[in-house]
Structures are given as C-alpha cells and as structure tokens.
C-alpha cells in the first residue's frame, strides 16, 4: 500500500497484513489481561468468599466501564493520532492488569476491573479505525477477522500460563496477573517500529457510505439512521452471548459439570482455539463468497446467519451431562459466537470513514450496557436455580436473533467493489 506522504518511501502491499498481524497481537494481549480473572475465578471467589451474584457484579462493572471507555476513546480516535492513542491505551490496561495481582477483597477487584474495562475499550475504536484505513471494502471482513481472532489467541494462551504458574498454594493466582500484565511492552516496540502517523490518515478519496451526493453526513444523522439502529441491536445481542460464555465457561465446567481445574483450563484453551477458527473462517468465507459472485452484503449476511446458528446449538447444553458431546457442542457454539464479530465490524465500517471511531464507540455502549445487566442476571439466576443451564439457553439464541434483524432491516445499497 503506498504511503500517503510523498516524501516517504512507498509501503509494500504485504505491509498492511503485517500490521493486521500486529493488531491480532494487541487483541491477544487485551484478552490475556481480561481472561486472567475468568481462569482464576473459582480460586478467587473461594478465597474472597464471593457468591455467583458478586462475581457477576465484578463482570458487570467491567462491562459498564467498557461502555464508558468506548465513548471516550471512540471520540478521541477520530481526533488524535491513533498511533499514539493506541500505545497509551495498551500501556494503561497492561498496568491495571498487573495491579490486579495486589487485590485483597471484593472492592479491590471491582476497582481494578472498572479501570481495566475503561482502558481496554479503546482497543476496538483504534483497531477498527486502523483496518478501515488500510484495507479495501472487500478485504475488511478478513482483516477484521485477523484483528478479532487475536482475542482467541490470547485466551488460548492464558489458561496455559495460568495452569503453569498457579500452584496449590493460596494466592498463587497473583503471579500470572503480573506476568500477563507485563506482556504489552513488546507490542509497543513493534507498533512504533512498523507505523508512521501518516499511515493511518483516512485517504483523501474516501467517500462516506451514508448520505446523498458528496456531502459528508453528520455524526447524528448516522447515529439515528436505520442502519445504526441495526448495529445497536446486533452488538447488544452478539456481545451478550460472547461475554457470558467467555466469563463463565470455567465456572460452568468446574462448578456446573464437576471437571477438575486443570481439565477445565485445558478445555478453555481448546474452546478459544475453536473460536479462533470460527473468527478467521468467517472472514475467509465472506471473501471467498464474493470471489464466487456473491454481493458483499449477501456474503456477510449468510456467514453471520451460519455463525448464529452454530451458537444457538448451545441451547442443547442442559440435555447433556459431562462428556465429549457436551464439550463438542461448546466448541461449535464458541466458533459461532466469535465468528459473527468480523462481519459485524465490516458493517460498521460501511457507515462512515470520518466518524469511524465514534461509531465504534457509540455502538460499544449498547454492546456493553446490555451484557452488564446480563452478567448480573446470569449470576443471580445461577444462585437461585443452582445451575448455569437456564442462563446458557437464554443467551445462546441471541446471535441468531441478530442475524434475523440484520436480514430484515439493513437495507443494502450495493456499490462496485474495488479490485
């Protein structure tokens, strides 16, 4: 991809995919810091004597602060250098992840997760703005898949790190928080080495996807458009399902089905490997369908629906006891649960080049306020019923509902795809 500064040497075309690989690494670090708590949740809740509802409150605080951070950093990413903003955000959430190792009670965890959620929220406006600046419309589903798949990579690695570093000793869960929190330093070096400020400026030829003629639509015109309402519904549905499965899976396996901690951690890595396959596979399938003659919109909707159907299979979990059928079903649902995200991001990138960060941030509010309430309800329901099964059933069908909303209300307006 050529540089936008004529005084600097041109970039090779492969460079943009190297940057996407670096975004994958950022997503991995993001999820490593996030998943340390989920993987140590049984130990921590026992040590701090927390019930399921209190654990749900900790996840809810993370979600609420993530919603606030989405607005702040979504606005900032459209106004300041993404190169510098991204670096600050990653350094900040890494420091908070490290500090969590010093928590000693429920209140400490609440404060740490609040700050972690706030700073981690900035990853997505910056990451999505980067892929939009670098990639064509046809390639964005795949580029977003690479970005999103990093969440699985980080989540695959985290249980292995936790299992290796935790011992039977009380409090041994603290060391993995410190190790994972220090992982962001390498990324900062690579980020500044690979990118210049000019690389992430929107192309001068960019035209808005919403609005008539050549007039740039206002942010509020976009926010109150029908397409944006569909975006709100989509992200509220898919992120509720994803966050519940991500945060509660270790507890579901250990407390709900009686798996030992080590087996649950190893399966958690396998589960996130399946989500990575689903994420990258969704992006690749969408690109392949376009090459086979499908419209960009049609390929996205089909792939989104297929992923939603895979996730809905999780509704069969209450019928299954401990065993390979349960685990296989969870793997399938995980692949679908993350596979919808690169497609979702591609739809948001159709709305505006100028306001991409703000759109991502505003959508993030709906994408996190709803899961915050769902986390508390999920925990309370588990306490009341003595089982996680009912909550899993309620959450599993939401991505398929999002696919239906997308199909009915998006109102596509096809345009030529750059070759």
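The values are calculated or read from the model by the stated rules, or taken from the named source; none is laboratory data. Quantities reported herein were computed from a predicted structural model and do not represent experimental measurements. Positions of Cβ are backbone-derived with ideal geometry, glycine not excepted, and every protein chain shown enters the neighbour counts.
Here are a few things to note about the model shown:
- Lone qualifier among 233, 270, 274, 282 - being within 30 Å of residue 37 (Cα to Cα), modelled with pLDDT under 90, out of contact with any strand residue (DSSP E or B) (no Cβ under 8 Å at 6 or more places or on another chain) and not in a loop (DSSP other than H, G, I, E, B): 270
- Any chance residue 302 is more than 17 Å from residue 246 (Cβ to Cβ), assigned to a helix (DSSP H, G or I), free of Cβ contacts under 8 Å to residues at least 24 places away in the same chain and out of contact with any helix residue (DSSP H, G or I) (no Cβ under 6 Å at 6 or more places or on another chain): yes
- When the range 23-60 is filtered for residues that are under 21 Å from residue 381 (Cβ atoms), modelled with pLDDT of 85 or more and under 17 Å from the mean Cα position of the chain (by Cα), only 37 remains.
- Yes/no for residue 338 being in a helix (DSSP H, G or I), touching a helix residue (DSSP H, G or I) at 6+ places or on another chain (Cβ under 8 Å) and either surrounded by fewer than 22 Cβ atoms within 10 Å (Cβ to Cβ) or without any contact (Cβ under 8 Å) to a residue 60 or more places away in the chain (or both): no
- Meets criteria (in contact (Cβ under 8 Å) with a residue 12 or more places away in the chain, assigned to a helix (DSSP H, G or I), over 19 Å from the mean Cα position of the chain (by Cα) and within 19 Å of residue 351 (Cα to Cα)) for residue 132: no
- The residue list 256, 193, 171, 150 contains one member that is at positive phi and either touching a strand residue (DSSP E or B) at 6+ places or on another chain (Cβ under 6 Å) or modelled with pLDDT of 80 or more (or both), which is 171.
Every residue, every condition in (1) in contact (Cβ under 8 Å) with a residue 24 or more places away in the chain; (2) closer than 30 Å to residue 17 by Cβ; (3) not in a helix (DSSP H, G or I), yes or no:
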position: 148; (1), (2), (3): yes, yes, no
position: 151; (1), (2), (3): yes, yes, no
position: 156; (1), (2), (3): yes, yes, no
position: 162; (1), (2), (3): yes, no, no
position: 167; (1), (2), (3): no, no, yes
position: 170; (1), (2), (3): yes, no, yes
position: 190; (1), (2), (3): yes, yes, no
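- Within the range 173-188, being surrounded by 14 or more Cβ atoms within 10 Å (Cβ to Cβ) and free of Cβ contacts under 8 Å to residues at least 12 places away in the same chain holds for no residue.
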